[in-house]
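Every number in this text was worked out from the coordinates using simple rules, so none of it is lab data. Quick caveat, the model's predicted, so the values are computed rather than measured. Every residue, glycine as well, gets a Cβ built from its backbone with ideal geometry; the counts of neighbours run over all protein chains shown.
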Amino acid sequence: MMFTELRNKFLFLNMSITSLVIIVAFVIIYSVIYHNISSDIEEKLSEGAATEMTVYGDDLFNNGGKDAAFSLSQALSTSGFSSFVLIVNDQGEVVEIDSSMELPEEKYIKIAETAWKMKEKSNITFNDKQWKFEITPLSVNVIQDNGEKFEVTDRLYQMTFLDVTEMDQTLQSLLVTLFVVGFILLVIIFFISMYFANSAVQPIAKAWENQKQFIADASHELKTPLSIIQANYDVLMDNRDETINHQMKWLGYMKMATDRMTKMIMNLLELAQLDQPTTRLEMKEIHISSMVEEMVLTMEAAMKEKEIHITHSIEPEIMLNSNSDKIKQLVMILLDNAHKYTNEKGKIDITLEKDKKMIVFRVRNTGKGIAEEDLSKIFNRFYRGDRSRHIEQNSFGLGLSIAKSITSELGGEIHASSKENNWTTFTVMLPRV
Ligand SMILES: Nc1ncnc2c1ncn2[C@@H]1O[C@H](COP(=O)(O)OP(=O)(O)O)[C@@H](O)[C@H]1O
Ligand SMILES: [Mg+2]
């Protein structure tokens, strides 16, 4: 079906946009948290780095810096077991270990070697944990025994190691969470989008179906009169020598068929015009009471042959701001139906009254009535209670659909109710202003 494709397009578009939004949001969330954690680590690392120290006696450096470092480390504060500090000389050789972890010295020597080579602040695995380190030169203020002071900045370096295992894990689980949540969100959004795409396409599909049905019905309706014309034309052609007077019967059939087609096409044009949202009806103050009364009186004459008994109660002096042509047409359609569908010797009752906001026009008639299940269909285009019966009459099943279009165009409502083999009632309510 062509609407599946349309729906899928909706769905695809919707999903692409939402996915994009989710991805962007999550990337932002992740980078903000990543950035926060990183700067946290950074801060901790530089907190741990003591860049200035004072030692007494420059001979402390003689022993590869070991003695100086030793006296330094007394002053260094190790910030808990999640970090440790190594002091190395300018060759990267460990001269002092300041750690609360009980590990063999070779391990520290090895990690210092690796870190010295890497130089950069980065991640390193040690003792089954993830560490971040920073190497900072130690500036040492040396006070000699003779009281002379000088500064040494290129002899000793401090390596601060920070345990970032937990932070790494946090980031990792954050990433996993984001992926899982993102995926679940997408699945949920998929179903919601599916629902909305379906309900967006449904009315289009329905309108399309209606349109197709309408064209099929209209073509079908036109076929009968056309074939009548065709057949009678053939008869005429077979009897070319006859006079027109003699052929009047066939010509009469042709005339009836064209009349029927003309009426139907007028009705269709009427509907098309009412469908057009641009046509604004010209509204005028009309005396609806006298208008309806006049039409009912005209009708009465036509009812005589079926011996229908008409009663009416029309409230006088009702004024209405509306379109008189459309009101006339509306009343005409309902009276015409009442006339057509009332049983012989049946009854028709017409009322017109007003309340505060509405004008209520009601036509009731006896007769076969409309079956419960057909009540919803009678306002559809081309719907007829009994197709075969009305072929000769001017019946296309368009009357009530025009009536409905007119009422909604005038801002009103039309309802039908019926009891089979009893009364059938059509009620039109129109707003007074
Ligand atoms: N007053 C009525 N009483 C009984 N049935 C009616 C009445 N008005 C309409 N109907 C039913 O509704 C159908 C649709 O009416 P309408 O749209 O006016 O078409 P048409 O009159 O051309 O058949 C009719 O064919 C008929 O079956
Ligand atoms: Mg009708």
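Stretching Ala207 away from Gln276 to a fully extended chain increases their span by 23.3 nm, per 0.36 nm per residue minus the current alpha-carbon distance.
Ratio of Rg to Rh for the range 166-218: 1.55 [Cα atoms; Kirkwood radius as inverse mean 1/r over pairs].
Magnitude of the charge dipole for the range 306-433, about its Cα centre and with charges confined to Cβ atoms of Lys, Arg (+1) and Asp, Glu (-1), is about 120 debye. Close amide H partners of Ser139, meaning residues 5 or more places away or on another chain with modelled amide H under 5 Å apart, are Glu52, Met53.
Our coupling estimate for the range 148-165, obtained by passing each phi through the Karplus curve with A = 6.51, B = -1.76, C = 1.60 and θ = phi - 60°, is 6, 10, 8, 10, 10, 10, 10, 9, 10, 10, 10, 10, 9, 10, 10, 6, 10, 3 Hz, Gly and Pro reported as x. Once backbone amide H atoms are built at 1.01 Å from N, Ile314 has Leu352 as its partners under 5 Å, excluding neighbours fewer than 5 places away on the same chain.
Length available on full extension from Gln247 to Leu222: 0.36 nm per residue minus the Cα-Cα distance, which gives 6.6 nm. What shape does the range 69-214 have by the C-alpha gyration tensor, where a ≥ b ≥ c are the square roots of the eigenvalues, rounded means a/c under 1.5, and otherwise prolate means a/b greater than b/c and oblate the rest? It is prolate, given that a/c is not under 1.5 and a/b is the larger ratio. Ordering Phe179, Leu162, Ile215 by Cα displacement along the dipole of the range 124-222 toward the positive end leaves Ile215 in first place; charges were set at the Cβ atoms of Lys, Arg (+1) and Asp, Glu (-1). Reducing the range 103-156 and the range 3-24 to their Cα centroids gives an inter-centroid distance of 56 Å. log₁₀ I(q)/I(0) of the range 264-304 at q = 0.16, 0.23, 0.26, 0.28 Å⁻¹, via Debye over equal Cα point scatterers, no solvent, to two decimals? Treating every Cα as an identical point scatterer, log10 I(q)/I(0) equals -0.73, -0.83, -0.82, -0.83. Across the range 148-196, the convex hull enclosing all Cα atoms gives 118 Å³ per residue.
In this label model, Thr54 and Lys340 are separated by 11.5 nm, measuring between points 7 Å along each Cα→Cβ vector. Counting only the Cα atoms, the range 340-433 fills a convex hull of 101 Å³ per residue. The Rg/Rh ratio for the chain, using Cα coordinates for both the radius of gyration and the Kirkwood hydrodynamic radius, is 1.53. For the range 5-10, putting each phi into the Karplus relation 6.51 cos²θ - 1.76 cosθ + 1.60 with θ = phi - 60° gives couplings of 4, 4, 4, 4, 5, 3 Hz, in residue order, rounded to whole numbers and with x for Gly and Pro. Placing a pseudo-label 7 Å from each Cα along the Cα-to-Cβ vector at Val180 and Asn141 gives an inter-label distance of 5.5 nm.
Summing Cβ point charges (Lys, Arg +1; Asp, Glu -1) relative to the Cα centre of the range 158-256 gives a dipole of roughly 540 debye.
Once R0 is set to 51 Å, what does the formula 1/(1 + (r/R0)^6) return for the Cβ-Cβ distance between Ala231 and Ser290, expressed as a FRET efficiency to the nearest 0.05? Don't skip to the answer; put the middle values down first.
Working: r = 47 Å, r/R0 = 0.93.
After rounding, the FRET efficiency stands at 0.60.
This model, with +1 at the C-beta of Lys and Arg and -1 at the C-beta of Asp and Glu, gives the range 326-378 a dipole about its Cα centre of some 280 debye.
Database remark: amide H of Asn323 closer than 5 angstrom to the amide H of Lys284 (H placed geometrically; neighbours at sequence offset of 5 or more, or on other chains; Pro and chain starts carry no H).
As a test of the formula, what do you get for the chain when each DSSP H run with n ≥ 4 contributes -39,500 (n - 2.57) and the sum is divided by the residue count, at 222 nm and rounded to the nearest 500 deg cm²/dmol?
One gets -18000 deg cm²/dmol as the mean residue ellipticity at 222 nm.
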